[in-house]
2 protein chains.
Amino acid sequence: MTLTYAILALLVDFPQSGYDLTKSFAGSIGFFWKATHQQIYRELARLEDKQWIHAEAIAQDGRPDKKLYRLSETGRAALMKWIVEPCEMAPVKDELLIKVFVGELVSCTKLLQELERHRQLHQKKLATYLDLEQRFFPQPELLPLARKYRYVTLRQGIRYEQEWLAWCDETIQFLSAEVAVSVEA
Amino acid sequence: MTLTYAILALLVDFPQSGYDLTKSFAGSIGFFWKATHQQIYRELARLEDKQWIHAEAIAQDGRPDKKLYRLSETGRAALMKWIVEPCEMAPVKDELLIKVFVGELVSCTKLLQELERHRQLHQKKLATYLDLEQRFFPQPELLPLARKYRYVTLRQGIRYEQEWLAWCDETIQFLSAEVAVSVEA
DNA sequence: ATTGCTTATGCAATAAATTGCATTTGATCA
DNA sequence: TGATCAAATGCAATTTATTGCATAAGCAAT
């Protein structure tokens, strides 16, 4: 399961609790792999079972105890082995495109509104990514190796959002002509 | 469930059997929503239960019988209702990016090989899409409305693959410098 | 005081996806 | 004549994911 390795990957740099990981899945790796806290806790239990990670209970003043999970040597080895295995291209799963695919069933104006909304969502996400790029990855050539790898995944996010934005623009323009015509008639 | 509506969408133009649908999911809508025959048959049973589709048994000479499923009025209405509901941006789920994210754990050369492989996969897919565009969507402005909608979803596929290709190129170049350095040393 | 938020974890039930197997009929090929 | 492939459908078991709920402890604000 990929989630397994996404978690291991997040534990490479430093140990984290289930709660921490849940947060991490909101940023960094979460930009290309989502997981809920339920999935994470279940998976952590399994990983501990396999001894790929080790838990350390941390008593905290105030907060409830937390379990800090640390990548074990076996876990690190498993991760390394997984990384070099070839993988498939990610299958696309996109609701919006299904809707557009049979868009002729509903009002074009309605669809255009939804496209405009998505345009804005993508623009916002792009802005977030560009901000991260500026703040954390200035002069990418000078970064240490590990940061370079993080950087290129961010670049993928940026390009992806730019692509969507461009498509939304193109499509909105293309379909707007359609509305104009039906108003004329 | 989105699969529900993906199937309904495929039945808009003409009735199809489970087997036909499985094929359709390899092309057209399958470019942005995948489904196995198991999922499809199960979902067809449910949809018939709900009366969103109606089956008609077709005796064939030679082949086993097939059940042709036709979209009902209720089904069509349900589809229309779904289309105009706003939806989320598709969450990205990409194994390759997780691997790259912690790429420093393995040999850079190995990673570059995998990136090159993906570059080729994307190139191939792009070629398929471009071919479809040329063959089925010449002069897009002149297409009837329904075809225009199909067309713009193909455009999204094209742009998506182009984006990936560009990222692979950028990344391979960026990381190649790294290998060059380590060879020098 | 009580309401609500954040940190922190998890159970239980349901829903969905995946995987392996199984069947029927004919066509094709060696 | 036996093997295998394509069309066509489906059951059963397992694995994953989702959803709703639950707890516990402190902090902040009204």
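None of the figures in this text is laboratory data; all of them are computed from the coordinates on show. Not measured: the values here are computed from a predicted model. Heads up, the Cβs are rebuilt from the backbone with ideal geometry, glycines too, and the neighbour counts pull from every protein chain shown.
Picking from A:THR109, A:ALA177, A:TYR160, whose Cα lies most toward the positive end of the charge dipole for region A:95-184 (charges on Cβ: Lys, Arg +1; Asp, Glu -1)?
Result: A:TYR160.
Rounded, prolate or oblate: which fits chain A when a ≥ b ≥ c are the square roots of the eigenvalues of the alpha-carbon gyration tensor, with rounded for a/c under 1.5 and prolate only if a/b beats b/c?
Numbers: a/c = 2.49, a/b = 2.12, b/c = 1.18.
In terms of gyration-tensor shape, prolate.
Taking other Cβ within 10 Å of each residue's Cβ, how do A:VAL102, A:VAL179 sort, fewest first? Mind showing how you got there, number by number?
Working: A:VAL102 25, A:VAL179 14.
Lowest count first: A:VAL179, A:VAL102.
Would you calculate the volume per residue, in Å³, of the smallest convex hull containing every Cα atom of the protein assembly as shown? Don't skip to the end; give the middle numbers.
Values: hull volume 74.7 nm³, N = 370.
Taking only Cα atoms, the protein assembly as shown has a hull volume of 202 Å³ per residue.
Starting with the fewest neighbours, write out B:LYS99, B:LYS67 ranked by other beta-carbon atoms found within 10 Å of each beta-carbon. Kindly include the intermediate steps, with their values, before the conclusion.
Numbers: B:LYS99 27, B:LYS67 17.
Going from sparsest to densest Cβ surroundings: B:LYS67, B:LYS99.
Order of B:PHE31, B:PHE137 from fewest to most other C-beta atoms within 10 Å? Working shown, then result.
Details: B:PHE31 23, B:PHE137 17.
In increasing order of surrounding Cβ atoms, one gets B:PHE137, B:PHE31.
Please enumerate, by chain and number, the aspartates and glutamates with C-alpha under 14 Å from the C-alpha of B:LYS110, excluding those fewer than 8 residues away in the same chain.
Answer for B:LYS110, where 14 Å is the Cα cut-off: A:GLU85, B:GLU178, listed by chain and number.
Could you give, in nm with one decimal, how far B:ALA177 is from each other copy of that position, shortest first, with labels 7 Å out from Cα toward Cβ?
Copy-to-copy label distances for B:ALA177: 4.2 nm.
Under the definition of partner shielding as Cβ atoms of other protein chains within 10 Å of a residue Cβ, what is the mean value for peptide B:4-12? Present the calculation step by step, with values, prior to reporting the outcome.
On the way: counts 0, 4, 6, 0, 3, 5, 3, 1, 4.
Across B:4-12, the average partner-chain Cβ count within 10 Å equals 3.
Rounding to the nearest 20 debye, state how big the charge dipole of region A:94-185 is about its Cα centre with +1 on each Lys and Arg Cβ and -1 on each Asp and Glu Cβ. Display every interim value, and only then the final one.
Working: 12 positive and 14 negative charges, 138 e Å.
Rounded to the nearest 20 debye, it is 660 debye.
Would you work out the charge dipole size for the protein assembly as shown about its Cα centre, treating the Cβ of every Lys and Arg as +1 and the Cβ of every Asp and Glu as -1, and quote it to the nearest 20 debye?
On the way: 48 positive and 50 negative charges, 118 e Å.
Taking the Cα centre of the protein assembly as shown as origin, the dipole is about 560 debye.
May I ask you to report, in nm to one decimal and beginning with the shortest, the distances from B:GLU56 to the same position in the other copies, taking label points 7 Å along Cα-to-Cβ?
Copy-to-copy label distances for B:GLU56: 7.0 nm.
Can you pick out the pairs among A:LYS93/B:LYS81; A:LYS23/B:LYS93; B:LYS50/B:LYS125; A:LYS66/A:LYS148; A:LYS23/B:LYS125; A:LYS81/A:LYS148 whose Cα atoms lie more than 29 Å from each other?
Values: A:LYS93/B:LYS81 20 Å; A:LYS23/B:LYS93 17 Å; B:LYS50/B:LYS125 37 Å; A:LYS66/A:LYS148 32 Å; A:LYS23/B:LYS125 35 Å; A:LYS81/A:LYS148 21 Å.
Beyond 29 Å between Cα atoms: B:LYS50/B:LYS125; A:LYS66/A:LYS148; A:LYS23/B:LYS125.
Report, in deg cm²/dmol and to the nearest 500, the calculated mean residue ellipticity at 222 nm for chain A, where each DSSP H run with n ≥ 4 adds -39500 (n - 2.57) and the sum is divided by the residue count. Write out the running numbers ahead of the final one.
On the way: 7 runs with 117 residues, N = 185.
Calculated mean residue ellipticity at 222 nm is -21000 deg cm²/dmol.
Just want to confirm a number: the relative contact order over chain B, from Cα pairs under 8 angstrom separated by 6+ residues, in percent.
Details: 140 pairs, mean separation 32.2, N = 185.
Across chain B, relative contact order equals 17 percent.
Considering only A:PRO144, B:HIS54, B:PHE14, whose Cα is most displaced toward the positive end of the charge dipole of the protein assembly as shown, charges sitting on Cβ of Lys, Arg (+1) and Asp, Glu (-1)?
Selected residue: B:HIS54.
Which chain A residue puts its Cβ closest to the axis that rotates A onto B, and at what distance in whole Å?
Its Cβ sits closest to the axis: A:GLU163, 2.
What shape does region A:2-84 take by its C-alpha gyration tensor, where a ≥ b ≥ c are the square roots of the eigenvalues and a/c under 1.5 counts as rounded, a/b above b/c as prolate, and the rest as oblate?
Working: a/c = 1.91, a/b = 1.27, b/c = 1.50.
Oblate.
Can you pull the semi-axes for region B:95-184, root of five times each eigenvalue of the Cα gyration tensor, sorted largest first, whole Å? Display every interim value, and only then the final one.
Numbers: eigenvalues 272, 26, 16 Å².
So the three semi-axes of region B:95-184 are 37, 12, 9 Å.
Size of the dipole of region A:2-84 about the Cα centre, Lys and Arg at +1 and Asp and Glu at -1 on the beta carbon, nothing else charged, in debye to 20?
Details: 11 positive and 9 negative charges, 47 e Å.
The calculated dipole for region A:2-84 is roughly 220 debye.
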